[in-house]
Amino acid sequence: MLGRRIDDPQGMEGPAGGVDGLGLLAVDTVMEPRKTVRPSRLRATTGEDLSGYEIHLGRTDGPGRSRPFAADESGPEGAVSADGRVLGTYLHGVFANDAWRGRFLSDLGHAGPPLAYMADVEAALDGVADALEAALDVHSLLRLAR
């Protein structure tokens with residue numbers, strides 16, 4: 001969507017055809033039948049180690065890829081606009097990476113208190129588990145599940 005165009009010649013996401021993108025990045029995307037779903041570890045061009053997951057149909061290419069967002073052992077990934085204000089990546093969960101998110105927000109002038117995102121997610125999940133355990137007869141449910 002951030003690029004110049006998205007083409008879906010085989011109708012993977014609806015009728016075959018294409019649509020103009022927002023044109024914020026000098027890239028074009030072509031949908032393909034093989035879906036990529038995998039955990040991913042990258043190094044941002046700004047130096048932070050990133051982890052998340054990739055999930056997409058197709059490939060993106062164009063001159064904007066000469067300014068990648070990140071890279072791994074297989075090469076560059078994503079694109080950054082010439083003015084540095086727009087970035088695109090196949091990496092989902094990039095904002096869960098504390099160091100990168102902190103630098104990104106700081107670059108925008110919005111530095112705030114540090115946040116340990118994954119620790120907060122784990123604490124929230126533990127709270128939900130505790131509430132369910134208090135409200136349900138977990139032992140009976142487990143017995144029924146066997």
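Computed values, structure above
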| item | result |
| --- | --- |
| Number of the exception - Arg38 against (1) closer than 25 Å to Met12 by Cα; (2) surrounded by 16 or more Cβ atoms within 10 Å (Cβ to Cβ); (3) charged (D, E, K, R); (4) out of contact with any His (no Cβ under 8 Å at 6 or more places or on another chain) | (2) |
| Selection count where residues are in a helix (DSSP H, G or I) and open to solvent by less than 70 Å² (accessible area, probe 1.4 Å), scope the stretch 53-64 | 1 |
| Of residues in the stretch 9-52 being in contact (Cβ under 8 Å) with a residue 40 or more places away in the chain and either of a type in the set (Lys, Arg) or assigned to a strand (DSSP E or B) (or both), the one nearest to Ser66 (Cα to Cα) | Ala44 |
| When residues of the stretch 90-146 are limited to those that are part of a helix (DSSP H, G or I), among the hydrophobic types (A, V, I, L, M, F, W, C) and modelled with pLDDT under 85, the one nearest to Thr60 (Cα to Cα) | Met118 |
| Counted residues, the stretch 22-35 - those being among the aliphatic types (A, V, I, L, M) and open to solvent by 100 Å² or more (accessible area, probe 1.4 Å) | 1 |
| Residue list for the stretch 116-146, filter: over 28 Å from Pro76 (Cα atoms) and under 20 Å from the mean Cα position of the chain (by Cα) | Ala119, Asp120, Val121, Glu122 |
| Whichever residue in the stretch 56-82 is of a type in the set (A, V, I, L, M, F, W, C) and under 22 Å from Pro39 (Cβ atoms) and, among such residues, is modelled with the lowest pLDDT | Leu57 |
| Failed criterion for Val128 (all others in (1) β-branched (Val, Ile, Thr); (2) touching a strand residue (DSSP E or B) at 6+ places or on another chain (Cβ under 6 Å); (3) open to solvent by 50 Å² or more (accessible area, probe 1.4 Å) hold) | (2) |
| Near pairs, Cβ below 7 angstrom, 6+ apart or cross-chain, from the stretch 97-113 (aliphatic (A, V, I, L, M)) to any residue that is open to solvent by 70 Å² or more (accessible area, probe 1.4 Å) | Leu105/Ala111 |
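The values are calculated or read from the model by the stated rules, or taken from the named source; none is laboratory data. Values in this document were obtained by computation on a predicted structure and should not be read as measured data. Glycine gets a Cβ as well: all are built from the backbone with ideal geometry, and neighbour counts include every protein chain shown. The accessibility values were calculated without ligands, DNA or RNA, using every heavy atom of the protein model including side chains. Shrake-Rupley method; radii C 1.70, N 1.55, O 1.52, S 1.80 Å.
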